[in-house]
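Enquirer: Just passing along the structure, written as structure tokens.
The values are calculated or read from the model by the stated rules, or taken from the named source; none is laboratory data. Remember, it's a predicted structure, so these values are computed and weren't measured experimentally. Because the Cβ atoms are built from the backbone with ideal geometry, glycine has one as well, and the counts that use them run over all protein chains shown.
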Amino acid sequence: MTSGPLTDDEALSGYALVTGASAGIGAAFSRRLAAEGRDLVLVARDVERLESTAAELRERYLVDVEVLPADLASDSGCQAVAARIGQQDKPVDTLVNNAGIGLYRGFGNAPLADEERLLDVNVRAVLRLTHAAVNAMRPRGRGEIINVSSVAGFTPRGAAVTYAAAKAWVTSFSEGIALSLAGSGVRVGAICPGFTHTEIHQRANTDMSHLPGWMWLTADRVVAEGLADLRAGKPVSIPSKRYKTIVLATRLAPRPLLRRVMARR
């Protein structure tokens, strides 16, 4: 088995499970995978929005859509989703770890419980669900695991410290797992978008009106480029040329200069 581009014979046919599926990048993944004819398992906390999303996808794409309400900050929520990933009679061939929390306040200004909840969802849940997926997919010799990260993980941040550190972990973790699974038939990749039109900023009560329009991506673009990169065998995807250039510049910049630039960002 190879870790290169998928061929027609290797196309996945099992369920695709998407966390944070009711809005933003998760909803875009759900639409894209349903358009490929994939049956879905949608995971989020808001049952009403999940049911509405599922009904729309069933009607438009004629696929089976399961709804699995779960809070991934909790042990019980993670256990329920991990159990579904491990189900053998309706195998999950694609896992999209998209659920995430943003916390855009200087470290020490937000309650510790909020910082810990961010880590529970953005790191611990990714670890647990990826572990479940690897154990289910590797014996079958097929599968794909997509972890939604961020370009924020490539730079030190004076603000959103825990968020940026969590995304750095997600990217490094995904790249390492991809190496360990080379030749298994299971592909793993981190998608690292820049600013994307989703609800995460509103939920964090953050005013983003100062950002110029050119810095914003659409969720559909992020998903299209991220999936294409994963299926071409690339373990890290940075959607759009503009953000590829920004990330390259941050990697080449002297670290002291980068810290000064990012001190308030």
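Enquirer: In the stretch 130-156, which residue that is of a type outside the set (D, E, K, R) and assigned to a loop (DSSP other than H, G, I, E, B) is surrounded by the most Cβ atoms within 10 Å (Cβ to Cβ)?
Expert: The residue in question is 149.
Enquirer: Please pick out the residue among 27, 16, 34 that is closer than 14 Å to residue 93 by Cα, in a helix (DSSP H, G or I) and modelled with pLDDT of 90 or more.
Expert: 34
Enquirer: Given the options 128, 124, 142, name the one that is farther than 19 Å from residue 194 by Cα, in contact with a Gly (Cβ under 7 Å, 6 or more places away or on another chain) and among the charged types (D, E, K, R).
Expert: 142
Enquirer: So which residues in the stretch 38-57 are assigned to a loop (DSSP other than H, G, I, E, B) and of a type in the set (Gly, Ala, Ser)?
Expert: none
Enquirer: Residues to consider are 60, 84; find the one that is among the charged types (D, E, K, R), part of a helix (DSSP H, G or I), under 19 Å from residue 39 (Cα atoms) and touching a residue at least 60 places away in the same chain (Cβ under 8 Å).
Expert: 84
Enquirer: Considering the stretch 134-148 alone, what residues qualify as being in contact (Cβ under 8 Å) with a residue 60 or more places away in the chain and within 22 Å of residue 226 (Cβ to Cβ)?
Expert: Across the stretch 134-148, the qualifying residues are 142, 143, 144, 146, 148.
Enquirer: Against the definition (modelled with pLDDT of 95 or more and within 18 Å of residue 219 (Cα to Cα)), how does residue 44 come out, yes or no?
Expert: Yes, satisfied.
Enquirer: Do we have residue 181 as closer than 21 Å to residue 27 by Cβ and touching a strand residue (DSSP E or B) at 6+ places or on another chain (Cβ under 8 Å) here?
Expert: Against the criterion (closer than 21 Å to residue 27 by Cβ and touching a strand residue (DSSP E or B) at 6+ places or on another chain (Cβ under 8 Å)), residue 181 does not qualify.
Enquirer: Check off (1) in a loop (DSSP other than H, G, I, E, B); (2) touching a residue at least 24 places away in the same chain (Cβ under 8 Å); (3) surrounded by fewer than 19 Cβ atoms within 10 Å (Cβ to Cβ) for residue 73 and give me the number that stays unchecked.
Expert: (3)
Enquirer: Report, ordered by the first and then the second residue, all pairs with beta carbons closer than 8 Å, sequence separation of six or more or different chains, a first member in the stretch 34-51 that is without any contact (Cβ under 8 Å) to a residue 40 or more places away in the chain and over 10 Å from residue 65 (Cβ atoms), and a second member that is surrounded by 15 or more Cβ atoms within 10 Å (Cβ to Cβ) and among the aliphatic types (A, V, I, L, M).
Expert: The qualifying pairs are 37/63; 45/70; 47/67; 49/23.
Enquirer: Which of the residues belonging to the stretch 157-212 are in a loop (DSSP other than H, G, I, E, B), modelled with pLDDT of 80 or more and either of a type in the set (D, E, K, R) or on the phi > 0 side of the Ramachandran plot (or both)?
Expert: 160, 183, 185 - these are the residues of the stretch 157-212 that are in a loop (DSSP other than H, G, I, E, B), modelled with pLDDT of 80 or more and either of a type in the set (D, E, K, R) or on the phi > 0 side of the Ramachandran plot (or both).
Enquirer: Let me confirm something: among 83, 55, which residue is over 18 Å from residue 133 (Cα atoms) and not aromatic (Phe, Trp, Tyr)?
Expert: Sole residue among the options that is over 18 Å from residue 133 (Cα atoms) and not aromatic (Phe, Trp, Tyr): 55.
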